[in-house]
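See below for the structure under consideration.
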Amino acid sequence: MSDDKLFAGHAVRRIRRSSEQTQAAMAETLGISASYLNLIERNQRPVTGKIILALAQKYDFDPRSLTGAAPGGGVEALRRRLNDPRLAGIDVDKAQIEEWIALAPGTAEAFARIFDSGSGASDGSMAVNHQAAVRREIERWRNHFADLDAQAEALADELRMKSGDLYGAITEYLRVNHQLSIRILPAEVMPDLLRRLDLHARQLQISEMLDPASRTFAAAYQLGQLTARDEIESLVKAADFAEATAQHVYRRHLTSYFAAALMMPYARFLRACENSGYDIMLLQRRFGAGFEQVAHRLTTLQRVGARGLPFFMIRIDCAGQSSKRYAGASQSPLVEGDGRCPLWKLHHAFANSGKFMTQLVELESGARWFTLARTVEPVAARMGATSAEFAIGLGIEAALAGQLAAARGLDLENGPTDRIGLGCRQCSRRDCTQRSAPPAGRTLLMNEGERGLSPFRFAAPD
């Protein structure tokens, strides 16, 4: 076995507990130090191939169980669920959650699934449940699907040898190998569609409203449906969704993933990122992609042995509603929940359309994040029509942002930050003048003779 990195502390701890061993005893059995085993169990060191072999030889378990995701998405994911206002007043600290995962992983996973499935039940909407289930599966893979990436990369290399124009190469590939032609149709012919497969005419019909990057993506999406079908269906089947709608949403995500990987092949894209300091504008031009396409691709760079920086991405509308969010390997709390802080410049992007908004922020936990945001218009609107606009937010831990061209000149470790929260209901900062609601579970302190900077004064936690 190789020494590829695998973080599975919860599984190792479960094996040790079931064997009724101390860390010192298990470490001696495995031939490592107790301190190193402690780091493994805390996911601060990987479980290497050699350690997996030692575990398999000494303990009765299936090594494949180590590759599963942490129950409930891990400690931080469970903490975010337990911070829900409906659970206000129940104080569960990090150590307790770690014990929960170690001693009863099944119940932790069951809690997470029940919590997620009920997140939209109050308004009768099943769409929220489908989205939550799909997002949970995407995050289980940390939005990196190695087999799809490898398949797309191999096909991209083949197409590149035939033509430097990817759109033209895909067009020819579809014509020769699948007897499909691409036809660009006027907006009045396809008033409500951007892409349509007409099998009778053997045509992929694309609206003229799509820009060049979106046309290439549409063609690559169709090619993914045809060439990566087996791999995509295997992933959908393995997800074991209860509802057909969730399967459809997940299948669409995976096909889009393939299309992006075809446009931005892993090795070439990662090399361009590292050489340019993750210069997004340069990456857009080099790979003929849009800002949102590049932003999404940045969250997927988790190939073993060739990892990129762990970005998160979120897309919101001007009302603050999120329609895309990927924590990826960043595990950032900034993409979780439905509430976000108005002091985060992600929300200010709408007043600065098309401009990059960078910000160094600090959460209540003391964690620092470097974020950047910009608006996008997915499809150009016709004259007089209502145009859609979204803000895309990207972020990375400040300690890792030193490589970024966008962060040059900033003191990421000690420089000034904007202090933000995770939404008013989860934020306990007392001096915030922007506060719209008190924190969940806190008693309001009322004094008719005083008016502070914040309209809400609240008691400290019990």
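Where a number appears in this text, it was derived from the coordinates with a stated rule and is not lab data. Everything quoted here is computed from the prediction, not taken from an experiment. A quick note on method: Cβ atoms are made from the backbone with ideal geometry, for glycine too, and the neighbour counts reach across all protein chains shown.
Quick notes on this one:
- Legend: calculated FRET efficiency, residue 188 to residue 244, from the Cβ-Cβ distance at R0 = 25 Å, rounded to 0.05, equals 0.15.
- For the chain, share of DSSP beta bridges that run antiparallel, in % to the nearest 5: 80
- Local net charge near residue 174, Cβ-Cβ under 12 Å (Lys/Arg +1, Asp/Glu -1): +2
- Cβ-Cβ FRET estimate between residue 317 and residue 162, R0 fixed at 45 Å, reported to 0.05: 0.65
- Distance between the 7 Å Cα→Cβ label points at residue 400 and residue 272: 2.1 nm.
- log₁₀ of I(q)/I(0) at q = 0.15, 0.17, 0.21 Å⁻¹ - segment 213-345, Debye sum with one point per alpha carbon: -0.85, -1.08, -1.40
- Theoretical gain in end-to-end length, residue 99 to residue 19 [0.36 nm per residue, Cα-Cα removed]: 27.2 nm
- Distance violations [Cα-Cα > 29 Å] among 324/345; 162/237; 324/355: 162/237
- Prolate/oblate/rounded label for segment 151-206 (Cα gyration tensor, a/c 1.5): prolate
- Computed on the Cα trace of segment 146-263, the radius of gyration divided by the Kirkwood hydrodynamic radius gives Rg/Rh = 0.98.
- Spin-label pair residue 54/residue 35, simplified geometry with 7 Å Cα→Cβ offset, distance in nm: 1.6
- Magnitude of the charge dipole for the chain, about its Cα centre and with charges confined to Cβ atoms of Lys, Arg (+1) and Asp, Glu (-1), is about 400 debye.
- Two-decimal Rg/Rh across the chain, once Rg and the Kirkwood Rh are taken from alpha-carbon atoms: 0.99
- Cα pair count fraction exceeding 17 Å, expressed as % - segment 338-381: 40
- Taken over segment 294-412, the alpha-carbon convex hull comes to 121 cubic angstrom per residue.
- Nitroxide proxy distance, nm - points 7 Å out along Cα→Cβ at residue 92 and residue 459: 2.4
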